[in-house]
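Enquirer: Structure provided below as structure tokens; questions to follow.
Just so it is clear, none of the values below were taken in a lab; they were calculated from the coordinates. Here the structure is a predicted model, which means the values were calculated and not measured. All Cβ positions, glycine included, derive from the backbone under ideal geometry; neighbour counts span all protein chains shown.
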Amino acid sequence: MQPPAGLPHTHPRPVHWLLTALALAAVLTGAVLLGPADATAGDAPSAPAAAAPDPAAARYPLDCGPVGVEVREKAVADPDGDGRPETVAVVRCRAGAGTPPDGVYVLTAGKGTGAPPRVAATLVDPARRMNVDRFRVTGDTISATLLGYSARNVPRCCPDLRRPVEWRWRDGQFAPTARSVTARA
């Protein structure tokens, strides 16, 4: 049976909804503040997570003269699984024009308080005159497509070779897996 129309409890007003929302918020706030009764000190994290190395503060093995180093891309991960974050950075010399070669470096925390991050591994040396495209870090895999040049007379603006590469931590070092070189379309 339906209640007769016109009774106050059959037509909720905005104040009813407001009171319901306030009551629900009070219950949720109480649950969050009080927490579960069986929580122990062992449930709390033992130490704050280490901060990832800042690629802008690192010293790279590049001679860029007065123009300095440019960090093009970066990603934070723990590819070696030691529980400390590393930063993988794609860097090159700053250039007003042209396309300088890229380097890919794995950075770890510096030794000692306040020490700058240090280069733990060089994955792509700028001396190889390559550029990095499609850079990403997923889990323990660092991947990129390396763009290169088939001859010294190929303009730096227009790499004509490409090679997808992945690096994974194996036996204490980053082991590359490269697919075959293809002509860039």
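Enquirer: What does the C-alpha gyration tensor say about the overall shape of the stretch 47-185? Classify as rounded when a/c is under 1.5, otherwise prolate if a/b is larger than b/c, or oblate. Let's see the in-between values first.
Expert: Details: a/c = 2.59, a/b = 1.42, b/c = 1.83.
Oblate shape, in that a/c is at least 1.5 and b/c is the bigger or equal ratio.
Enquirer: Moving to a separate point now. Evaluate E = 1/(1 + (r/R0)^6) for Ala56 and Thr177, where r is the Cβ-Cβ distance and R0 equals 30 Å; express this FRET efficiency to the nearest 0.05. It would help to have the intermediate numbers written out before the result.
Expert: On the way: r = 30 Å, r/R0 = 0.99.
The calculated FRET efficiency here is 0.50.
Enquirer: Compute the length gained on full extension between Arg134 and Cys157: take 0.36 nm times their separation in residues and subtract their Cα-Cα distance, giving the result in nm to one decimal.
Expert: Details: separation 23, 0.36 × 23 = 8.28 nm, distance 1.72 nm.
The Arg134-Cys157 span can extend by a further 6.6 nm.
Enquirer: Quick query: amide H of Val124 versus all other amide H atoms, modeled in the peptide plane; which residues come in under 5 Å with a sequence gap of 5 or more or a different chain?
Expert: Residues meeting the amide H criterion: Val104.
Enquirer: In whole angstrom, and with the biggest value first, how far do the Cα coordinates of the stretch 122-185 range along each principal axis?
Expert: That works out to 39, 23, 17 Å along the principal axes.
Enquirer: What spacing in nm lies between the two simple spin-label points modelled at Thr145 and Ala120, each 7 Å away from Cα in the Cβ direction?
Expert: So the two model labels end up 2.9 nm from each other.
Enquirer: Follow-up. What is the sum of charges around Ala183, taking Lys and Arg as +1, Asp and Glu as -1, for the other residues whose C-beta is under 14 Å from the C-beta of Ala183? Don't skip to the end; give the middle numbers.
Expert: Numbers: positive: Arg162, Arg163, Arg179, Arg184; negative: Asp160.
So the surrounding residues net to +3.
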